[in-house]
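Below you'll find the structure, written out as structure tokens, and then a few comments.
The values are calculated or read from the model by the stated rules, or taken from the named source; none is laboratory data. All values derive from a computational prediction rather than experimental measurement. No Cβ is skipped: glycine too gets one built from the backbone with ideal geometry, and neighbour counts run over all protein chains shown. Areas reflect the complete protein model, heavy atoms only, side chains present, ligands, DNA and RNA absent. Shrake-Rupley method; radii C 1.70, N 1.55, O 1.52, S 1.80 Å.
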Amino acid sequence: MKNIIGVIDEPAPGGGDDDLDIGIHSKSLIEFIQKTETPITVGIQGEWGSGKTSLLNSIHYTFETEQPTFKQIWINSWEYSLLSTPEEALLKIVNRIIDQLLESDTNKKYKQKITASAKRIFKGALRIGAQVALGDEAAKVTDELMASGGHSISALRKKLDGLVDEITKEPNNLKKIIIYVDDLDRIEPKNAVAILELMKNIFNVRNCVFILAIDFQVVVKGLEHKFGPQTHENEWEFRAFFDKIIQLPFMMPMSQYNIGKYINKLLVDTGFFEGDDFDTDAITKIIMLTIGGNPRSIKRLVNSVSLIQIFVKHKKESKMNDDDNHEKNILSEKQEKFLVFSLLCLQIAYPLVYSLLEEEPDFVNWDDALAFRKTQRSEDNIEAFRDEFENAQEDEDFNEPWEKALYRICYER
């Protein structure tokens, strides 16, 4: 099989290999969605690159291939937010949901009835969605929808409720509507929170399951203008806002990812290691001590590995053409690759330590004089340093001279 060069930073498609071994989590969520009472909103929570969209893809694929009586609607909120206010983005999202629901209604008379009775509401959303209207005209439509009259979002929710009720009856016979809202954490935090706040006004629709992919830290940043920076005293206010919207919070199980299996596949696919040469436990330990188990960070690491492979290949070719080069490599190819991989992880995660190695490769000879040259004892001016330094020296990780020097140099970082 031909080795790949570089790893595309895209979510895993539904139905693909479960390289992180989180299939049990996906299956459990799918069963919950199948059996849960509605309306309900599920929040798939996780940091940037933790695999939220991949999990959504897995759930979507299963319902698409095995449960055709579940209507699925996918909303990429980031796309709808481009060049739009939160209110405009919400209207585009609502319009998309309505269009998708109407496509599933075989009752032509009811479809005409819904379209006619909600004409002003839907057309307002359509006008903004199609033209990305800005300024006074957009504000006019938005005010109209946010008001409490017959053309408000409250009225829109009632129409939406009626439409969902209609398409889950005969002859459509749909069991549930699953609405995925992805990429909320790619939006400016304040705007993402505004969209969430507006969405909660339409979430309460029977037979609907909303699944949101969101990083809670984005919510925290987006609410700082309301509550100020998060502290122990006001933390409950941030959590209360989130809990009003999310009825089932699900944290991406990053601590349970099979990192060894995941990185094994990527490094073997790129040809960096052969399958038999791969020390899964050692590589996993190096990753967890440096860049961590975020899948997107691992992909970036593997791309750097791919580039180094090309560099090493050209370097070897250059040496072969140099008749005067008598340098002997004391490492096996496997040892050299493991060392290169380790140093690359170190460079990405701890650039200060890597730069020290570049300057003074013989690290076991690092000493107090080196630490003084690097810090001029600035760490001694920090009140907590002395006690923490003394405690650190009681641990075998920082009791040798070179380790003490490293502790001093890195302390302020």
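Applying 1/(1 + (r/R0)^6) with r as the Cβ-Cβ distance of residue 348 and residue 392 and R0 = 22 angstrom yields a FRET efficiency of 0.35.
In this structure, the amide hydrogen of residue 211, modeled 1.01 Å from its nitrogen in the peptide plane, lies closer than 5 angstrom to those of 42, 179, 180, 181, counting only residues at least 5 positions away or on a different chain. Local charge sum around residue 251 (other residues, Cβ-Cβ under 12 Å, Lys/Arg +1, Asp/Glu -1)? Here the count lands on -1. The stretch between residue 226 and residue 100 holds 41.9 nm of extra length on full extension. This uses 0.36 nm per residue minus the Cα-Cα distance. How much of residue 254 can a 1.4 Å solvent probe reach, expressed as accessible area in Å² and rounded to 10? Here the accessible area works out near 50 Å². Our estimate of slack between residue 21 and residue 296, defined as 0.36 nm per intervening residue step minus the Cα-Cα distance, is 97.4 nm.
Which one, 283, 348, 312, is farthest towards the positive end of the dipole of region 282-412 when Lys and Arg carry +1 and Asp and Glu -1 on their Cβ? Result: 312, furthest along the dipole toward the positive end.
Taking every protein chain into account, the accessible area of region 272-413 amounts to 67 square angstrom per residue (probe 1.4 Å). Simple spin-label estimate for residue 335 and residue 236 gives 6.1 nm between the two label positions (7 Å along the Cα-to-Cβ direction from each Cα). Subtracting the Cα-Cα distance of residue 281 and residue 368 from 0.36 nm times their residue separation leaves 27.9 nm of extension gain.
What FRET efficiency do you get for residue 65 and residue 360 if R0 is 35 Å and r is their Cβ-Cβ distance, rounded to the nearest 0.05? The formula returns an efficiency of 0.05 here. Largest accessible area first, the listed residues 215, 9 line up as 9, 215 when surface is computed with a 1.4 Å probe on the assembled protein chains. Any aspartates and glutamates with Cα under 13 Å of the residue 226 Cα? List them, leaving off those in the same chain fewer than 8 positions away. Excluding near neighbours in sequence, the set is 197, 235, 237. Straight-line cross-link reach from residue 315 at under 20 Å between alpha-carbon atoms covers these aspartates and glutamates, not counting any fewer than eight positions away in the same chain: 323, 324, 327, 333, 336, 358. Ordered from largest to smallest accessible area (heavy atoms of protein chains, 1.4 Å probe), the residues 289, 91, 331 come out as 289, 331, 91. Counting lysine pairs in region 1-71 that sit 8 or more residues apart in sequence, or on different chains, and whose Cα atoms lie under 24 Å apart gives 6.
Here the peptides 49-59, 76-86 are ranked by packing, the mean other Cβ count within 10 Å, and the order with the highest first is 49-59, 76-86. Surface exposure of region 38-105, expressed per residue as accessible area with a 1.4 Å probe, stands at 37 Å². Working ranking of peptides 380-387, 245-252 by packing, defined as the average number of other Cβ atoms within 10 Å per residue, highest first, is 245-252, 380-387.
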